[in-house]
Amino acid sequence: TSVNGDERTIFILRKQGVFGTSSFFTNETRRSFVIALSKCEIISIDKEIVNKYISINPNFSLCIIQDLS
């Protein structure tokens, strides 16, 4: 939402898309307002779990980097 209160479409996430990955690299909580255009499933993954998975599977970090680019 803009300063005037206008809503804007910033990005349309496709099937199996992710958002909020930048918060894995900061100490800030990601706060997003999202409206689903169709039925979907949203999950929240704890940062510590992501870090543990990256240590087990380093290729996973490449997926996060690709999402950030």
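Derivation of every value follows stated rules applied to the coordinates shown; laboratory data play no part. Being a predicted model, the structure only gives us computed values, none of them experimental. Cβ coordinates were reconstructed from backbone atoms using ideal geometry, including for glycine residues, and neighbour counts include every protein chain displayed.
With +1 on the Cβ of every Lys and Arg and -1 on the Cβ of every Asp and Glu, and nothing else charged, how large is the dipole of the chain about its Cα centre, in debye rounded to the nearest 20?
160 debye
Taking 0.36 nm per intervening residue step and subtracting the Cα-Cα distance, what contour gain separates Phe25 from Leu13 on full extension?
2.2 nm
Kindly express, to the nearest 10 degrees and within the range 0 to 90, the angle between helix 47-56's C-alpha long axis and the longest C-alpha principal axis of the chain.
Taking Cα atoms only, the helix is inclined about 40 degrees.
Apply the a/c threshold of 1.5 to the C-alpha gyration tensor of the range 13-57 and tell me whether it is rounded, prolate or oblate.
Oblate is the answer for the range 13-57, as a/c is 1.5 or above yet b/c matches or exceeds a/b.
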